[in-house]
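A.B. asks: If you scroll down you'll find the structure; I have some questions about it.
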Amino acid sequence: MRTAYSVEMVRMAERELMARLPEGALMQRAAAGLAAACADLLGRVSGRVYGSRVVLLVGSGDNGGDALYAGARLARRGAGVTAVLLSPGRAHGAGLAALRRAGGRVAETGSAEELIARADLVVDGIVGIGGRGGLRQEAVPLADAAARSRAAVVAVDLPSGVDADTGQVRGAAVRADLTVTFGTHKPGLLVDPAREYAGSVRLVDIGLALPADAAELEALQHADVARLLPVPGVESDKYRRGVVGVAAGSARYPGAAVLAVAGALRGGAGAVRYVGPAGDAVIARFPETLVSDEGPKRAGRVQAWVVGPGAGDDAGTVAQVLAAQVPVLIDADGLRLADAAAVRGRTAPTLMTPHAGEAAALLGVSREEVEGARLASVRELAARYGATVLLKGSTTVVAGPDGGPVRVNATGTSWLATAGSGDVLSGLAGSLLAAGLSAVDAGSVGAYVHGLAGRLAAEGAPMGAHDVAGTIPKAWRSVTRAGG
């Protein structure tokens with residue numbers, strides 16, 4: 001599992017480590033890792049380090065020092081390294097001296113854009129993890145020049161101008177091809193919109209000791225998901241495996257019911273009960289489904305419910321499902337129709353799965369505000385409703401009602417932005433709830449497998465939600481084989 005820590009925790013761990021190390025040793029560790037990553041990237045983009053042109057954009061903080069020391073290492077390998085100092089009087093003195101001893105040079109800011117245009121590699125050491133807001137005015141032309149150039153851009157710890165703790169981008173920021181981060185991931189490297197600016201992320205171990213229970217974010221990996229996926233035992237029957245109820249669809253949107261059932265059937269539960277007006281469409285596609293037209297109360301035994309996809313204005317069905325004393329997943333129209341007090345009053349687990357627009361309506365803010373502050377939004381929704389919330393989008397995040405680390409999904413593809421994809425996810429995650437996973441685990445494991453299925457179904461080309469559902473078994477197998 002990958003974890004990310006707040007700036008405060010990172011700073012504390014750095015201070016504790018520096019107290020035990022010789023002066024400057026921690027920066028040298030970071031610079032060595034940064035230089036190695038830069039050399040690897042230069043080898044890929046220009047075929048060499050010797051003779052390559054490297055421009056360092058150096059601010060006044062420790063990130064600038066890291067960049068200068070890394071530049072000195074590259075200069076000793078024959079690269080032509082030029083530092084552009086944004087605050088000449090406040091640049092890291094020892095790092096600057098090391099660069100000059102190695103044959104690097106310092107250029108005036110007036111020539112920076114021309115140097116960047118000719119560079120093979122630009123190193124962003126402008127602002128460190130403590131930066132807030134976008135880039136300062138004097139740095140914006142340099143970031144723009146780097147974006148226009150053909151140079152590869154490497155960010156030191158995180159791209160300058162993004163918020164390390166929240167992932168927000170409140171102004172101009174550097175767009176990196178590679179971010180070399182030290183000690184641990186920072187939340188902004190894993191959550192959009194900042195994640196988009198980071199490019200690939202390479203973690204350099206510098207010896208920080210960080211408590212596992214203080215992480216801000218968690219990102220499941222194959223092995224974590226493999227341990228959580230339900231596996232039937234030798235004595236399992238359909239009830240021991242879990243039965244999920246799906247209350248979805250309407251005369252106008254029967255396809256939502258079909259797609260939610262498709263996700264549920266492939267999600268590990270022993271059986272799927274469908275309740276709603278789309279029974280004929282569901283049976284025609286999935287004859288193994290147990291169909292009822294008498295409402296959730298008379299549907300029969302279930303271990304979890306999925307309610308809302310394509311439900312239209314059927315508030316009565318949503319209310320019946322919320323009254324059930326089993327885990328409930330609420331999606332799509334169900335989010336609009338659910339009574340907030342009824343959700344908060346539930347004693348069984350509740351998992352809400354809004355996209356940004358639905359989350360914005362629930363919070364009473366704009367969609368842009370949710371998309372720009374995904375971590376704050378998912379935490380606020382979870383606290384407000386006393387429920388686990390899975391916020392879908394370019395970065396899917398899952399927050400529990402009692403705080404703790406937010407789960408961020410590492411799989412997925414932009415091709416999943418297609419009608420009905422969320423219905424498949426709802427059925428899949430609801431089935432995992434019925435199989436006994438907690439709401440946080442069901443949401444995060446469901447998002448992981450769903451995202452991986454989307455990748456496998458698309459393979460770089462358009463696909464539909466039914467393709468995602470059909471590829472869930474393949475994604476499931478790939479996880480269990482790799483994780484086992």
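The values are calculated or read from the model by the stated rules, or taken from the named source; none is laboratory data. Here the structure is a predicted model, which means the values were calculated and not measured. For neighbour counting, all protein chains shown are included, and Cβ atoms are generated from backbone atoms with ideal geometry for every residue, glycine included. Areas reflect the complete protein model, heavy atoms only, side chains present, ligands, DNA and RNA absent. Shrake-Rupley method; radii C 1.70, N 1.55, O 1.52, S 1.80 Å.
A.B. asks: If I ask for residues that are assigned to a helix (DSSP H, G or I), open to solvent by less than 20 Å² (accessible area, probe 1.4 Å) and in contact (Cβ under 8 Å) with a residue 24 or more places away in the chain, which ones from the stretch 276-302 would you list? Even if it seems obvious, please write down each step before you answer.
C.D. replies: Applying the first criterion (assigned to a helix (DSSP H, G or I)) to the stretch 276-302 yields 279-285, 296-298.
Still in the list and also open to solvent by less than 20 Å² (accessible area, probe 1.4 Å): 279, 282, 296.
Within the stretch 276-302, Val282, Pro296 qualify.
A.B. asks: Let me ask something additional. Could you pull out every one of the helices (runs of 4 or more DSSP H) wholly within the stretch 171-269 that has 3 or more residues that are of a type in the set (S, T, N, Q), surrounded by fewer than 24 Cβ atoms within 10 Å (Cβ to Cβ) and at pLDDT 95 or above?
C.D. replies: It comes to none.
A.B. asks: Now a separate question. What is the one condition in (1) closer than 15 Å to Leu57 by Cα; (2) among the hydrophobic types (A, V, I, L, M, F, W, C); (3) in contact with an Asp or Glu (Cβ under 8 Å, 6 or more places away or on another chain) that Phe182 does not satisfy?
C.D. replies: Failing condition for Phe182: (1).
A.B. asks: Say whether the condition of being closer than 23 Å to Pro159 by Cβ, touching a helix residue (DSSP H, G or I) at 6+ places or on another chain (Cβ under 9 Å), open to solvent by less than 20 Å² (accessible area, probe 1.4 Å) and hydroxyl-bearing (Ser, Thr, Tyr) is met by at least one residue in the stretch 72-88.
C.D. replies: Yes, there is a match, as at least one residue in the stretch 72-88 is closer than 23 Å to Pro159 by Cβ, touching a helix residue (DSSP H, G or I) at 6+ places or on another chain (Cβ under 9 Å), open to solvent by less than 20 Å² (accessible area, probe 1.4 Å) and hydroxyl-bearing (Ser, Thr, Tyr).
A.B. asks: Right, another one. Restricting to the stretch 110-140, and then to whatever is more than 30 Å from Lys186 (Cα to Cα) and modelled with pLDDT under 95, can you tell me which residue is least open to solvent (accessible area, probe 1.4 Å)?
C.D. replies: The qualifying residue least open to solvent (accessible area, probe 1.4 Å) is Ser111.
A.B. asks: Under 6 Å between Cβ atoms, at least 6 apart or on separate chains: pull out the pairs that start in the stretch 90-108 with a residue that is assigned to a loop (DSSP other than H, G, I, E, B) and end on any residue that is of a type outside the set (A, V, I, L, M, F, W, C) and open to solvent by 40 Å² or more (accessible area, probe 1.4 Å).
C.D. replies: Ala102/Arg76
A.B. asks: Restricting to the stretch 324-376, give me the number of residues that are of a type in the set (Lys, Arg) and surrounded by 23 or more Cβ atoms within 10 Å (Cβ to Cβ).
C.D. replies: Step one: list which residues in the stretch 324-376 are of a type in the set (Lys, Arg), which gives 336, 344, 346, 367, 374.
Keeping just the survivors that are surrounded by 23 or more Cβ atoms within 10 Å (Cβ to Cβ) gives 374.
The qualifying residues number 1.
A.B. asks: Of all the helices (runs of 4 or more DSSP H) wholly in the stretch 372-465, which have at least 3 residues that are touching a Pro at 6+ places or on another chain (Cβ under 7 Å) and either in contact (Cβ under 8 Å) with a residue 60 or more places away in the chain or not hydrophobic (A, V, I, L, M, F, W, C) (or both)?
C.D. replies: Answer list for the stretch 372-465: 421-434.
A.B. asks: Same structure, new question: Taking helices (runs of 4 or more DSSP H) that fall entirely within the stretch 1-79, which contain at least 3 residues that are among the acidic types (Asp, Glu) and either more than 30 Å from Ala145 (Cα to Cα) or under 31 Å from the mean Cα position of the chain (by Cα) (or both)? Walk me through how you get there before you give the answer.
C.D. replies: Numbers: elements: 7-18, 25-45, 62-76.
Filter on the stretch 1-79 gives 7-18.
A.B. asks: What pairs come up if the first residue lies in the stretch 173-189 and is within 11 Å of Ala155 (Cβ to Cβ) and touching a residue at least 12 places away in the same chain (Cβ under 8 Å), the second is assigned to a loop (DSSP other than H, G, I, E, B) and hydroxyl-bearing (Ser, Thr, Tyr), and their beta carbons are under 6 Å apart, counting only those six or more places apart or on different chains?
C.D. replies: Val174/Ser160
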